[in-house]
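Have a look at this one.
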Ligand code: HEC
């Protein structure tokens with residue numbers, strides 16, 4: 001049993017590895033890897049792509065857009081994966097601007113993708129599709145904010161004299177997801193949080209808030225000091241600059 005499991009994990013890792021290789025060999029010359037959403041927005045909205053001079057959507061844009069726009073993202077994951085993979089395979093062999101899913105304001109900067117028909121095998125397409133599908137989540141896990149459980153966070157807050165940042169969310173809340181992808185992954189935010197805060201994330205559709213706290217609004221950010229006293233309770237989704245201000249404000253309330 002254990003050997004079978006080890007084999008499975010090994011094979012999965014092998015597959016992921018291959019997907020990355022295929023991407024680097026056959027896609028990366030045009031599609032860059034990860035670029036943060038704030039940079040991308042600045043580039044496309046303020047600079048008409050003259051800042052980054054991108055030649056095609058980035059890997060994180062592809063991963064996010066395709067998963068969001070194809071089929072039912074909240075439905076069966078295996079089916080969703082197959083639908084996204086089918087779209088990618090079809091697009092790579094027969095690129096068609098009419099069918100593309102990235103935002104128009106992004107797409108208008110690009111030439112039409114040349115077909116890779118005859119230059120990529122079915123196995124390679126399958127591997128690269130898996131890699132693209134998983135990329136968005138992988139980047140978030142690697143670069144994004146890491147959350148603790150509340151009890152542990154309170155202990156740590158006492159020991160390290162830090163503030164707990166309690167994020168109130170639900171799995172299906174669009175603005176929670178958006179903020180996670182666009183703000184909770186920005187280097188300055190992640191570093192500020194790491195230094196002075198202990199982030200906790202609670203899904204109020206499944207879990208009660210600690211300390212008898214109540215809120216229906218998601219996302220909400222409740223800042224709590226080491227004595228379990230609420231310093232600040234801020235509902236809403238914020239951009240990077242505004243959220244940095246909120247973190248600074250929470251710091252000024254700390255004694
Ligand atoms: C020579 C440059 C080039 C290469 C190589 C390339 N692409 Fe593209 N691709 C583009 C451009 C430019 C666009 C955007 C314009 C368009 O849709 O034709 C695009 C669009 C796409 C889209 C559609 C995005 C949407 O919004 O619907 C997918 C999917 C895609 N590429 C996947 C791949 C994959 C997978 C590979 C590697 C196996 C690859 N591309 C290799 C240039 C390239």
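Being in a helix (DSSP H, G or I) and over 25 Å from the mean Cα position of the chain (by Cα) is the filter here; which residues of segment 104-125 pass it?
Of everything in segment 104-125, those that are in a helix (DSSP H, G or I) and over 25 Å from the mean Cα position of the chain (by Cα) turn out to be 122, 123.
I've got another one for you. Does residue 47 satisfy being within 25 Å of residue 240 (Cα to Cα) and free of Cβ contacts under 8 Å to residues at least 12 places away in the same chain?
Yes, satisfied.
For every residue, the table says whether it meets (1) loosely packed, with under 13 Cβ neighbours inside 10 Å; (2) at pLDDT below 95.
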site	(1), (2)
85	no, no
89	no, no
97	yes, yes
100	no, yes
106	no, yes
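Return the total of residues in segment 44-58 being within 15 Å of the ligand (Cβ to nearest atom) and either farther than 22 Å from residue 88 by Cα or not assigned by TED's automatic domain parsing to the domain that holds residue 116 (or both).
So the count comes out to 4.
Out of the residues in segment 115-126 meeting the condition of being more than 13 Å from residue 21 (Cα to Cα) and free of Cβ contacts under 8 Å to residues at least 60 places away in the same chain, tell me which one is surrounded by the most Cβ atoms within 10 Å (Cβ to Cβ). Spell out how you get there, then give the answer.
Step one: of segment 115-126, the residues more than 13 Å from residue 21 (Cα to Cα) are 115-119, 121-122.
Narrowing further to those that are free of Cβ contacts under 8 Å to residues at least 60 places away in the same chain: 115, 117-118, 121-122.
Numbers: 115: 14, 117: 10, 118: 7, 121: 10, 122: 8.
Looking at residues that are more than 13 Å from residue 21 (Cα to Cα) and free of Cβ contacts under 8 Å to residues at least 60 places away in the same chain, I get 115.
Working carefully through the options 166, 193, 217, find the one that is part of a strand (DSSP E or B) and not assigned by TED's automatic domain parsing to the domain that holds residue 68.
Exactly one residue qualifies, and that residue is 166.
Here's something else I'd like to know. With the requirement that a residue be part of a loop (DSSP other than H, G, I, E, B) and either surrounded by 20 or more Cβ atoms within 10 Å (Cβ to Cβ) or more than 21 Å from the chain's Cα centre (by Cα) (or both), what does segment 227-236 give you?
The answer is 227, 228, 229.
Just the residues that are surrounded by 18 or more Cβ atoms within 10 Å (Cβ to Cβ) and more than 21 Å from residue 247 (Cβ to Cβ), please, taken from segment 127-150.
Across segment 127-150, the qualifying residues are 127, 128, 129, 130, 131, 132, 133, 135, 136, 139.
In this structure, is residue 145 touching a residue at least 40 places away in the same chain (Cβ under 8 Å), touching a helix residue (DSSP H, G or I) at 6+ places or on another chain (Cβ under 9 Å), within 12 Å of the ligand (Cβ to nearest atom) and under 28 Å from residue 51 (Cβ atoms)?
Spelling it out, it is not the case that residue 145 is touching a residue at least 40 places away in the same chain (Cβ under 8 Å), touching a helix residue (DSSP H, G or I) at 6+ places or on another chain (Cβ under 9 Å), within 12 Å of the ligand (Cβ to nearest atom) and under 28 Å from residue 51 (Cβ atoms).
For residue 140, indicate whether it is in a strand (DSSP E or B), in contact (Cβ under 8 Å) with a residue 12 or more places away in the chain and closer than 29 Å to residue 218 by Cβ.
Spelling it out, it is not the case that residue 140 is in a strand (DSSP E or B), in contact (Cβ under 8 Å) with a residue 12 or more places away in the chain and closer than 29 Å to residue 218 by Cβ.
Quick grid of which residues meet (1) in contact with a strand residue (DSSP E or B) (Cβ under 6 Å, 6 or more places away or on another chain); (2) free of Cβ contacts under 8 Å to residues at least 40 places away in the same chain; (3) crowded, with 17+ Cβ neighbours inside 10 Å:
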| residue | (1), (2), (3) |
| --- | --- |
| 167 | yes, no, yes |
| 173 | no, no, yes |
| 225 | yes, no, yes |
| 244 | no, no, no |
| 249 | no, yes, no |
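Check segment 14-28 and report whether any residue there is surrounded by 17 or more Cβ atoms within 10 Å (Cβ to Cβ), more than 14 Å from the ligand (Cβ to nearest atom), outside the structural domain of residue 184 (by TED's automatic domain parsing) and at pLDDT 90 or above.
Within segment 14-28 (the criterion being surrounded by 17 or more Cβ atoms within 10 Å (Cβ to Cβ), more than 14 Å from the ligand (Cβ to nearest atom), outside the structural domain of residue 184 (by TED's automatic domain parsing) and at pLDDT 90 or above), the answer is no, since none of the residues qualifies.
Please state which one of 63, 69 is within 9 Å of the ligand (Cβ to nearest atom), within 21 Å of residue 34 (Cβ to Cβ) and assigned by TED's automatic domain parsing to the domain that holds residue 34.
The match here is 69.
What single numbered condition from (1) at pLDDT 95 or above; (2) within 16 Å of the ligand (Cβ to nearest atom); (3) outside any loop (DSSP other than H, G, I, E, B) fails to hold for residue 153?
Result: residue 153 passes all but (2).
The values are calculated or read from the model by the stated rules, or taken from the named source; none is laboratory data. All values reported here derive from a predicted model rather than from experimental measurement. Cβ sites come from the backbone with ideal geometry, for glycine too, and all protein chains shown count toward neighbours.
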